[in-house]
Amino acid sequence: MTLDRRLHAFRPDLADAALKGRVEAGSFVTGTPMQVITHVAPLHREPRKDAGLDTEALCGEMVTVFEIDEGWAWGQLAGDGYVGYLPAERLGPPAPPQSHRVSAVRTFAYPGPSMKLPRAMTLSLGSRVHVVERQGDFAVVAGVAGLARSYIWAAHLSPLDHHAADPVAVAEQLLHAPYLWGGKSSLGLDCSGLAQLAFDAAGIPVPRDSDMQERSVGRLVGNAPDPAGLRRGDLVFWKGHVGLMQSATELLHANGFHMMVVSEPLSVAVERIAAKGGGPVTSIRRTG
């Protein structure tokens with residue numbers, strides 16, 4: 001069986017010790033747990049800033065690091081298992097276990113309990129933090145923005161065990177967010193990043209890329225769009241693209257035509273994508 005290099009940490013010279021006996025490599029190592037300490041950490045397919053961006057890890061996400069070399073950490077994300085190179089300066093030692101996620105589109109960490117203070121860092125939807133205590137309208141958070149204690153507006157956070165009832169409502173918060181290939185934050189995201197963020201907030205973990213999502217998320221309910229059978233929350237797939245149905249007829253998706261997250265009639269998207277060589281809808285999947 002050929003292992004997917006996106007999800008398994010192995011190179012000719014180095015590999016995850018858990019893969020010993022399954023792959024060939026010069027050496028095998030047990031990774032070191034680290035944590036994203038900035039707004040996002042970009043994950044590239046090669047250790048260069050100009051290399052392709054495969055995904056992003058949000059603040060608070062855990063990373064198993066197998067190597068740090070010349071400022072680059074080669075590691076695997078704990079959330080979805082993606083493997084690649086991250087700037088080492090954006091990682092730090094693990095903080096106390098995260099207790100809350102950011103449920104607002106974005107929020108700020110302040111050095112004190114006042115919105116009039118300069119922000120120490122911006123955090124996007126889905127970022128994770130460890131809340132120490134509540135102080136008035138603020139949650140006191142450990143290990144964010146290089147501060148022992150920082151302060152986030154408490155209403156912008158939700159406990160990790162609290163799941164959104166409607167993933168589409170989560171995605172709708174990101175309407176008009178700019179399109180960014182490989183992006184997964186409110187400052188820029190792609191089609192599969194939008195779907196992953198939305199379903200993660202609803203307690204439904206999904207893989208990172210659209211081809212992975214199409215193979216594994218929910219159950220297959222069709223291979224062609226049928227408005228009579230579509231429901232809010234259905235995932236509609238093309239080759240290399242995915243969107244979420246807002247209703248039986250409206251599609252929400254991040255796309256490179258509008259270069260943002262938009263809502264539009266599914267019929268319009270189907271016609272345009274086919275006309276531009278993207279092919280027909282390949283499947284429709286449902287999680288509920």
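The values are calculated or read from the model by the stated rules, or taken from the named source; none is laboratory data. Model, not experiment: these values are computed from the prediction. Note that we place each Cβ from the backbone using ideal geometry, even for glycine, and neighbour counts take in every protein chain shown.
Taken together, 162, 130 contain a single residue that is of a type outside the set (Val, Ile, Thr) and within 28 Å of residue 244 (Cα to Cα), which is 162. Looking across 269, 275, one residue alone is out of contact with any helix residue (DSSP H, G or I) (no Cβ under 6 Å at 6 or more places or on another chain) and without any contact (Cβ under 8 Å) to a residue 24 or more places away in the chain. It is 275.
The number of residues in segment 26-64 that are within 14 Å of the chain's Cα centre (by Cα) and among the polar types (S, T, N, Q) comes to 1.
Determine whether residue 234 is closer than 19 Å to residue 81 by Cα and either among the charged types (D, E, K, R) or without any contact (Cβ under 8 Å) to a residue 24 or more places away in the chain (or both). No, not satisfied. The listed residues are 87, 93, 167, and the only one of them that is at pLDDT below 95, of a type outside the set (S, T, N, Q) and under 30 Å from residue 44 (Cα atoms) turns out to be 93. Please work out which residue is surrounded by the most Cβ atoms within 10 Å (Cβ to Cβ), limiting yourself to segment 10-67 and to residues that are among the hydrophobic types (A, V, I, L, M, F, W, C) and outside any strand (DSSP E or B). That would be 59. Within the option set 195, 177, 142, being touching a strand residue (DSSP E or B) at 6+ places or on another chain (Cβ under 7 Å) and outside the structural domain of residue 258 (by TED's automatic domain parsing) holds for one residue only, 142.
Quick one: is residue 90 surrounded by fewer than 22 Cβ atoms within 10 Å (Cβ to Cβ), under 19 Å from residue 207 (Cα atoms), within 21 Å of the chain's Cα centre (by Cα) and not β-branched (Val, Ile, Thr)? No: the conditions fail for residue 90.
Of all residues in segment 224-232, none satisfies being assigned by TED's automatic domain parsing to the domain that holds residue 188, in contact with a Leu (Cβ under 8 Å, 6 or more places away or on another chain), buried (at least 17 other Cβ atoms within 10 Å of the Cβ) and not in a loop (DSSP other than H, G, I, E, B). In this entry, residue 198 passes the filter for residues that are part of a helix (DSSP H, G or I) and buried (at least 22 other Cβ atoms within 10 Å of the Cβ).
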